[in-house]
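Structure, as structure tokens:
The values are calculated or read from the model by the stated rules, or taken from the named source; none is laboratory data. Remember, it's a predicted structure, so these values are computed and weren't measured experimentally. Don't worry about glycine lacking a Cβ; one is built from the backbone with ideal geometry, like all the others, and counts go over all protein chains shown.
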């Protein structure tokens with residue numbers, strides 16, 4: 001039995017998740033959602049050799065695709081269910097879709113979000129829902145918020161608007177695929193889809209399997225919350241012991257049962273970072289390979305992609321929204337093939353950009369941290385600057401960890417390199433310098449306090 005806090009409706013009247021139901025969802029939500037642009041990216045096309053398009057779901061009224069699933073579900077509730085109100089748990093984007101639907105349909109909703117939900121998203125939930133929505137902050141993860149939502153439903157008899165583990169939600173999100181096929185003038189050879197709880201990829205994969213079976217599908221998870229990967233490896237959904245909450249829109253400990261059933265039934269295969277050339281081979285037959293793979297990408301690479309698409313395409317993407325673009329660096333696509341990357345959301349809090357830049361620099365090998373024992377004598381720092389740092393290197397952080405009357409004082413030093421290949425020469429100069437240095441390795445317990 002699943003120990004997931006996610007509620008899956010079990011009524012026999014629930015629709016099946018298939019292409020016909022996704023077409024029906026289009027009719028239900030077409031007056032509410034925007035037909036978001038399919039934007040051609042010259043930069044990404046030049047980098048990959050493929051024709052890369054960006055599906056701009058960040059341009060929805062709630063700045064993510066989540067409104068599609070939320071509205072499609074609520075639009076199918078009976079008058080009695082609407083009168084009892086709705087409940088939802090979310091990391092932020094689904095909640096905005098639910099809040100928007102509540103205000104539009106003038107029904108009462110209660111929404112539970114984890115404490116790590118960015119303030120920007122919480123403010124937008126309140127703005128979209130107005131007087132029709134109550135917002136509660138519960139726990140440190142989505143799963144804690146989901147457990148609170150389950151308790152609410154059991155206590156009040158309200159209807160759960162599931163963010164991913166309901167065929168009505170997944171069908172609404174699957175309308176993205178139908179829209180893409182209508183917008184393209186050529187066959188869709190491959191689509192890259194972010195994976196959080198799995199509802200979006202379940203809906204998209206279902207539609208493409210029936211209506212465009214030669215399309216290859218690549219699902220991408222953050223490496224710190226790879227619940228779909230874990231489920232496919234284990235042969236069933238499993239609960240991850242811990243997740244990195246940074247990619248808040250995809251930080252789910254347990255993949256949904258329905259998304260897992262769909263993805264596994266359609267033959268999705270997990271590929272590790274080391275075996276990613278396999279993905280290239282699977283997709284190298286484009287057009288028409290029809291492969292389905294799931295992979296994960298480092299959070300630092302996601303941050304780099306966020307900054308690049310902001311600086312080059314002018315797109316403000318949240319971490320989950322940049323997952324698909326981040327994955328392109330690891331894929332070798334057939335020249336001239338048509339590839340779509342789903343920009344799933346743009347609800348990013350501007351206050352997070354300091355951390356985003358930091359993680360990107362570390363990922364690119366440009367930012368490094370050291371503990372340095374400086375002699376407590378005049379000119380020690382000057383010697384470090386002249387004897388250790390390269391001409392294009394810079395100190396971005398200097399803080400004494402402990403300084404007293406002893407002969408040396410330990411300092412935390414952050415160094416930003418002019419180029420990543422300058423690390424080896426920096427380490428060599430440090431080894432021959434009079435002061436003792438210790439590098440703090442990414443992933444170590446001490447390093448976690450820095451990022």
Worksheet item: Here are some residues: 431, 438. Which one is modelled with pLDDT of 85 or more, in the same structural domain as residue 375 (by TED's automatic domain parsing) and loosely packed, with under 12 Cβ neighbours inside 10 Å?
Response: 431
Worksheet item: Which residue out of 322, 317 is under 26 Å from residue 172 (Cα atoms), part of a helix (DSSP H, G or I) and modelled with pLDDT of 95 or more?
Response: 322
Worksheet item: Residue check, residue 287 against (1) more than 18 Å from residue 343 (Cα to Cα); (2) modelled with pLDDT of 90 or more; (3) crowded, with 16+ Cβ neighbours inside 10 Å, all met but one. Which one?
Response: (2)
Discussion item. Residues that are in contact with a strand residue (DSSP E or B) (Cβ under 8 Å, 6 or more places away or on another chain) and free of Cβ contacts under 8 Å to residues at least 12 places away in the same chain: does segment 41-62 have at least one?
Written reply: yes
Item to complete: Spot the failing condition for residue 67; the list is (1) assigned to a helix (DSSP H, G or I); (2) surrounded by fewer than 23 Cβ atoms within 10 Å (Cβ to Cβ), and only one is missed.
Response: (2)
Discussion item. Can you tell me which condition residue 92 does not meet? The list is (1) touching a residue at least 60 places away in the same chain (Cβ under 8 Å); (2) out of contact with any helix residue (DSSP H, G or I) (no Cβ under 6 Å at 6 or more places or on another chain), and all the others hold.
Written reply: (2)
Item to complete: Confirm whether residue 173 is surrounded by fewer than 20 Cβ atoms within 10 Å (Cβ to Cβ) and touching a residue at least 40 places away in the same chain (Cβ under 8 Å).
Response: no
Response to the item:
Flagged in segment 120-161 as over 24 Å from residue 348 (Cβ atoms) and at pLDDT below 95, in numbering order, are 147
Worksheet entry | Residues that are within 28 Å of residue 353 (Cα to Cα) and either buried (at least 22 other Cβ atoms within 10 Å of the Cβ) or in contact with a strand residue (DSSP E or B) (Cβ under 8 Å, 6 or more places away or on another chain) (or both), drawn from segment 98-124 | 98, 99, 100, 111, 112, 113, 114, 115, 117, 121, 122
Worksheet item: Taking into account only those residues within segment 325-378 that are part of a loop (DSSP other than H, G, I, E, B) and under 16 Å from the mean Cα position of the chain (by Cα), which is surrounded by the fewest Cβ atoms within 10 Å (Cβ to Cβ)?
Response: 349
Discussion item. Please pick out the residue among 178, 127 that is assigned by TED's automatic domain parsing to the domain that holds residue 30 and surrounded by fewer than 24 Cβ atoms within 10 Å (Cβ to Cβ).
Written reply: 178
Worksheet item: For segment 79-92, does any single residue satisfy the condition of being loosely packed, with under 15 Cβ neighbours inside 10 Å, touching a strand residue (DSSP E or B) at 6+ places or on another chain (Cβ under 7 Å) and more than 24 Å from residue 126 (Cβ to Cβ)?
Response: no
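Here is a yes/no grid of residues against (1) farther than 22 Å from residue 148 by Cβ; (2) at pLDDT below 95:
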site	(1), (2)
28	yes, no
37	yes, no
43	yes, no
57	yes, no
73	no, no
80	yes, no
94	no, yes
108	no, no
112	no, no
Discussion item. So for segment 215-238 (the condition being touching a helix residue (DSSP H, G or I) at 6+ places or on another chain (Cβ under 8 Å), touching a residue at least 60 places away in the same chain (Cβ under 8 Å), in a helix (DSSP H, G or I) and closer than 26 Å to residue 119 by Cβ), does at least one residue qualify?
Written reply: yes
Discussion item. Quick check on residue 28: is it surrounded by fewer than 24 Cβ atoms within 10 Å (Cβ to Cβ), in the same structural domain as residue 342 (by TED's automatic domain parsing), more than 21 Å from the chain's Cα centre (by Cα) and within 19 Å of residue 163 (Cβ to Cβ)?
Written reply: yes
Worksheet, complete the sentence: Only one of (1) surrounded by fewer than 22 Cβ atoms within 10 Å (Cβ to Cβ); (2) modelled with pLDDT of 95 or more does not apply to residue 214, and that is (2)
